[in-house]
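Following: one structure in C-alpha cells, then a few remarks.
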Amino acid sequence: MNLANRDSNVIWHPYTHRSNDELNPTDLPIPIVKGEGVYLFDENGNKYIDAISSWWVNIHGHAHPYIAAKVSEQLKTLEHVIFAGFTHQPAVELAERLLHILPSNQSKVFYSDNGSTAVEVSLKMAIQYWSNKGFKKEKIIAFDNAYHGDTFGAMSVSARSGFTKPFSSLLFEVIHIPVPINGNEDESFTKLRAEILNHQNEIAAFIFEPLVLGAGGMLMYEATALDQLISICKKNEILTIADEVMTGFGRTGKLFASDHLQQQPDIICLSKGLTGGTMPMGITTCTATIFNAFTSEDRSKTMYHGHSYTANPLACTAALASLDLLLKEECQQNIQRISTYMQTLANQLQSFPSFTNIRCTGTIIAVDVVTNEETSYFNSFRDRLYHFFLSKGILLRPLGNTVYIMPPYCISNNDLYYISTALETIPTIG
Ligand code: PMP
C-alpha cells in the first residue's frame, strides 16, 4: 500500500472534508519527501511552489541550511527543559531580541506553542489584568470576519461561521464590529463607540488582526482606520491586542503590521513566521503596565498558565536563526521586491473582468474570482481552483472564491511570474 493510502487508514487531517464515498485519488494527501527553498517535492518527483508558505509559516524557504544547522547544534546540547523555575540562553536571547524590534511599549514575553495559544494567553492577560486591578471587565470586542484560532477562547473571538457552528452555544459572547474596509470606516467607528456606551466599564479588550484579516477572507484595511479604533479604545480604558500571528515578521512589508501604526497595541500575539516555519511556537508580549498588575504579594494574581513545551529551546533557536535571516539586508530587499511585484500585479489584474476586490498589502495579494457558483469555503468551486493550481505545480489554498498568494521571501520573480500567469488563466477553468 502506498503512503497516501496508509495515511488515510490512520490519519485524521486538519480542515479536510471526508465523505462516505471511496476516496478519490485526487482527495488523497500528497506525500512530500523533501522541501528546498520555495519548492516541495512529492514522492513521484513532482515539484510544487509553496505559494502560501505552508499555512503562512514559512518565510525563508524550506529546510533552510542555516536554521537546520543552528537547530541541530542546539539539539545536541539541550532539547527541552521545564520553563517554570528554569530558563535557558535561547529563550532569554530571543525575548531580548524580539523586544528590541517590537513596538517600544512592549516589555515582557510570554511563551506558548502556536497561534491559538498565543491568543488564549492574550485574552487571559487582558481579562485577569482588570480582575487583578479590582475591575470586572470581561467583554471582548473583535472584528466581524476575524479568525484568531481553533481553541475555545480563540474561536469565541473569531467570526461565527460554519467552522464554529457546532460549538456556537459554548462560545463566550463577543461584541463584533465591522472591519473598517475602505469606505466602511465610519460604520466601524460608530459601532465601536455605540458598543462602548452600551457596555460602560465592562469591556476588557479589543482584539484585531492588524491590516489584514487572514482566514476570514484576506480582508485588508488601512492603518489610519486601525489607529482611530485603537485610540477610541485607549480613551475608554480598553486594552488593545494585535494578533500578528499572520502579519508578523515582514508579511505586510514592515517587520510587524503594528509598525504601520501611530498607536501602539498593549498586547501582541506572534507565531507562524516566528520560527521561520521550522518549529511550532507562540509568543504573547505585553507592556510593563500589564505585567505589573500580575506582580503582588497576593498569589491569586499570578498568571496560572503554561504549556509543557513552553519556550522549547529548539523552537527558540529556530526563531533566533530565522530572525538573523530576516534582519539581513538581502531578506529586507526581497520583502520590498515581492511587495513591489504584488502591487504591480494588483494593478494589472484590475483590467480582468474575472477578478474583483483586488487587494494587496506588502507581500500578500488577494483577489476574488467572479463566479455564479456558491462561493463559501465548503463549495466545489474552491476545490476546483485548488486542484487547478496543483496541476500547474503551485500550492495555493483558496478561501472560497478568494485566491491569495503569500510566498516565502526567497521566491524569485520568475516563480512569481509563473504563479501570476496561472492566476490569469483561471477564467478558462469555468
Ligand atoms: N491568529 C491568526 C491571525 C491566524 O491567522 C491564525 C492561524 N491561521 C491563528 C491565530 C491560529 O494559529 P495556529 O493555527 O497556529 O493555532
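Computed from the coordinates by the stated procedures, all read-outs in this text should not be read as laboratory data. Being a predicted model, the structure only gives us computed values, none of them experimental. No Cβ is skipped: glycine too gets one built from the backbone with ideal geometry, and neighbour counts run over all protein chains shown.
Results, tabulated for the structure shown:
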quantity: Single match in 217, 253 (criterion: in contact with a strand residue (DSSP E or B) (Cβ under 9 Å, 6 or more places away or on another chain), within 30 Å of residue 111 (Cβ to Cβ) and touching a residue at least 60 places away in the same chain (Cβ under 8 Å)); calculated: 253
quantity: Count of segment 96-126 residues which are more than 16 Å from the ligand (Cβ to nearest atom) and surrounded by 20 or more Cβ atoms within 10 Å (Cβ to Cβ); calculated: 4
quantity: Criterion violated by residue 336 - all others in (1) touching a helix residue (DSSP H, G or I) at 6+ places or on another chain (Cβ under 8 Å); (2) touching a residue at least 40 places away in the same chain (Cβ under 8 Å); (3) surrounded by fewer than 20 Cβ atoms within 10 Å (Cβ to Cβ) satisfied; calculated: (1)
quantity: Segment 127-155 - residue that is assigned to a loop (DSSP other than H, G, I, E, B) and away from the ligand (no atom under 12 Å from the Cβ) and, of those, nearest to the chain's Cα centre (by Cα); calculated: 144
quantity: Residues of segment 231-247 classified as surrounded by fewer than 24 Cβ atoms within 10 Å (Cβ to Cβ) and in contact with a Leu (Cβ under 7 Å, 6 or more places away or on another chain), total; calculated: 1
quantity: Of the criteria (1) surrounded by 15 or more Cβ atoms within 10 Å (Cβ to Cβ); (2) part of a loop (DSSP other than H, G, I, E, B); (3) aromatic (Phe, Trp, Tyr), which one residue 341 fails; calculated: (2)
quantity: Residue count, segment 256-289 (criterion: among the β-branched types (Val, Ile, Thr), touching a strand residue (DSSP E or B) at 6+ places or on another chain (Cβ under 7 Å) and surrounded by fewer than 24 Cβ atoms within 10 Å (Cβ to Cβ)); calculated: 1
quantity: Residue within segment 58-71 that is surrounded by 15 or more Cβ atoms within 10 Å (Cβ to Cβ), within 16 Å of the ligand (Cβ to nearest atom) and within 18 Å of the chain's Cα centre (by Cα) present; calculated: yes
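For (1) among the small types (Gly, Ala, Ser); (2) within 16 Å of the ligand (Cβ to nearest atom); (3) more than 30 Å from residue 319 (Cα to Cα); (4) not in a loop (DSSP other than H, G, I, E, B), each residue gets a yes or a no:
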position: 158; (1), (2), (3), (4): yes, yes, no, no
position: 163; (1), (2), (3), (4): no, yes, yes, no
position: 168; (1), (2), (3), (4): yes, no, yes, yes
position: 172; (1), (2), (3), (4): no, no, yes, no
position: 191; (1), (2), (3), (4): no, no, yes, yes
position: 205; (1), (2), (3), (4): yes, yes, no, yes
position: 230; (1), (2), (3), (4): no, no, no, yes
position: 247; (1), (2), (3), (4): no, yes, no, no
